[in-house]
Amino acid sequence: SDNTKDAIAAGLKAPDALNKVWDINLAEGGPIKKDKLWFFTSGRDWGVYQYIANSFYRYGPQAGQQTIDDARISSGMFRLTGRIQDKHKIAGYLDRIRKFRGHENSAPAGYAIAGEATDIRAPKQYYTSEIKYTGTITSRFLLESGFAINNESYSLTPLDPSSVPGLPTSGINPLPTTALNIPKRDTILQTAYDAYDGGVYYREPIRKTLMTAASYVTGSHNIKLGAQWGFGYFLRQRRETADLVQLYRSGVPAQVIIHNTPQSNQSNMNADLGIYLQDSWNLGRITINPGVRFEHFNSSIQGSSNLPGRFVPFRTFTDRKNVPNWNDISPRFGFAWDIQGNGKTALKVGAGKYMRAYSSGFADAYDPNFYTSATLTWNDANADNIAQGGINYLADGTRVPCVYQTAGCEIDFSTLPTTFGVKPPVSFASDIRRPFQYEMNASLQREIVGGTSMTLSYVRRDYRNIDRKSTRLN
């Protein structure tokens, strides 16, 4: 079926459409050494190539052709499981993913993007790995320990000019020599064209986790003591062609969006630690489940130096530790009662405190080194379709922008804040605490007939410490 007739009559030149789709899977597993070592592996390659609505190439032999968003994922996993004597098991696992998009549509919602302005999303290291030991020390004592790494690093880059006939091949330069290297948007016509407006963006989030737990099980009494420690970092880097995006109104130059690139920042998650003790007592028709968890969270901001750009100077940022440094106690309790003693009617009650999960987000909010932009007036005086002008910085840090509407200066910097490119120093209030919630629940469960039951339940959640407080530093 085709439902695009009315949309085409209203101005749609070409709809979204499927170009091709595929999915190939292979898997194999079995023993390597009987009763000692086993393996399992699988591979998958699948993709969806789709035409982008109202997206066409503007230059070269491809001019006029509709853009295809070529998305493809290739993944492979491998697992080894080894048995040592009868009581010990070690398992290792690796899952590697390669997600690629050769023409990703990154235009603002509602914009028609040209083929040359799409971006490439490519993986660098995208994997999950884990190794775990399990030991049945005695018939009642179980020991577990493991380590895992999650890495989701990838990059977004402009389309390689050499892959598009008709585009210049000068690459990514601080100041391009041709208008076709500069990303552009028309805010009236709602079009994005000539180049991807995000430049080169690289992100590297890595989380590592250690865990260990010991369980003592008797049947009527089960106790478990364990710990989980997560740590890692989040690195982001950006650089852009011309450090700006040129804006037009129905084809007429109007403004530029300037950025504080090149820019690089990193936040560290030093500890996301939980140490817990839980117990389960079966006392006839009553089961009691008490537990307590100590939680420690600590993150920091990594100091760094950023090279100067077209609109920002060389910038140095120092380390900031304990952003934040929290310690919390989370008690939990559960109760179950077999009312009739025949296992058909149960009353269950539970209450617990649960802390909000964090990685690097809290530290990011207080990092003065961040990616930002400003919108300024642009008058293309020499009609070369290149926004000319920049800012010089003296040795003492004094900012000296070019003089607007003089030769070589088409950007009006008079409205640009003096703090552009660096967030004013802000810290969180000294009494800020980690957000959490109390959860309370009660339920009544009744077996109606064999295999069928009915449950009536009530759950209440109270959210606490959800207002973040900030204080500007002098």
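The values are calculated or read from the model by the stated rules, or taken from the named source; none is laboratory data. What you see is a predicted model, and the numbers here were worked out from it, not measured in a lab. Using ideal geometry, Cβ is built from the backbone for each residue, glycine included, and neighbour counts are taken over all protein chains shown. All accessible areas refer to the heavy atoms of the entire protein, side chains included, with ligands and DNA or RNA removed. Shrake-Rupley method; radii C 1.70, N 1.55, O 1.52, S 1.80 Å.
Restricting region 245-277 to residues that are assigned to a strand (DSSP E or B) and of a type in the set (Gly, Ala, Ser) leaves a set whose member that is surrounded by the most Cβ atoms within 10 Å (Cβ to Cβ) is 267. Out of 83, 72, 58, one residue alone is under 29 Å from the mean Cα position of the chain (by Cα) and of a type outside the set (Asp, Glu). It is 72. Please go through (1) assigned to a strand (DSSP E or B); (2) modelled with pLDDT under 95; (3) surrounded by fewer than 19 Cβ atoms within 10 Å (Cβ to Cβ) for residue 238 and return the number of the only condition it doesn't satisfy. (3) is the only condition that residue 238 fails.
Condition check for residue 327 on (1) open to solvent by 60 Å² or more (accessible area, probe 1.4 Å); (2) closer than 30 Å to residue 206 by Cβ; (3) assigned to a strand (DSSP E or B); (4) modelled with pLDDT under 95: one failure, at (4). Reported count of residues in region 342-381, each being of a type in the set (S, T, N, Q), closer than 29 Å to residue 278 by Cβ and surrounded by fewer than 16 Cβ atoms within 10 Å (Cβ to Cβ), is 2. In region 356-381, the residues that are free of Cβ contacts under 8 Å to residues at least 40 places away in the same chain form Cβ pairs under 8 Å with partners that are open to solvent by 60 Å² or more (accessible area, probe 1.4 Å) and not β-branched (Val, Ile, Thr), at six or more places apart or across chains, as follows: 381/405.
Restricting attention to region 427-444, the residues that are outside any loop (DSSP other than H, G, I, E, B), touching a Lys or Arg at 6+ places or on another chain (Cβ under 7 Å) and either open to solvent by 70 Å² or more (accessible area, probe 1.4 Å) or at pLDDT below 90 (or both) add up to 3. Output the residues belonging to region 15-46 that are touching a residue at least 40 places away in the same chain (Cβ under 8 Å), surrounded by 11 or more Cβ atoms within 10 Å (Cβ to Cβ) and not in a strand (DSSP E or B). If the condition is that a residue be touching a residue at least 40 places away in the same chain (Cβ under 8 Å), surrounded by 11 or more Cβ atoms within 10 Å (Cβ to Cβ) and not in a strand (DSSP E or B), then 36 is the only one that fits. Between residues in region 47-64 that are at negative phi and residues that are in a strand (DSSP E or B) and of a type in the set (Phe, Trp, Tyr), which pairs lie under 7 Å by C-beta distance while being six or more apart or on different chains? Close Cβ pairs satisfying both conditions: 47/22; 58/193.
Within the set 447, 410, the sole residue that is surrounded by 15 or more Cβ atoms within 10 Å (Cβ to Cβ), touching a residue at least 12 places away in the same chain (Cβ under 8 Å) and over 30 Å from the mean Cα position of the chain (by Cα) turns out to be 410.
For region 395-407, a residue qualifies if it is modelled with pLDDT of 90 or more and either assigned to a loop (DSSP other than H, G, I, E, B) or open to solvent by 80 Å² or more (accessible area, probe 1.4 Å) (or both), and the qualifying residues are 402, 403, 404, 405, 407.
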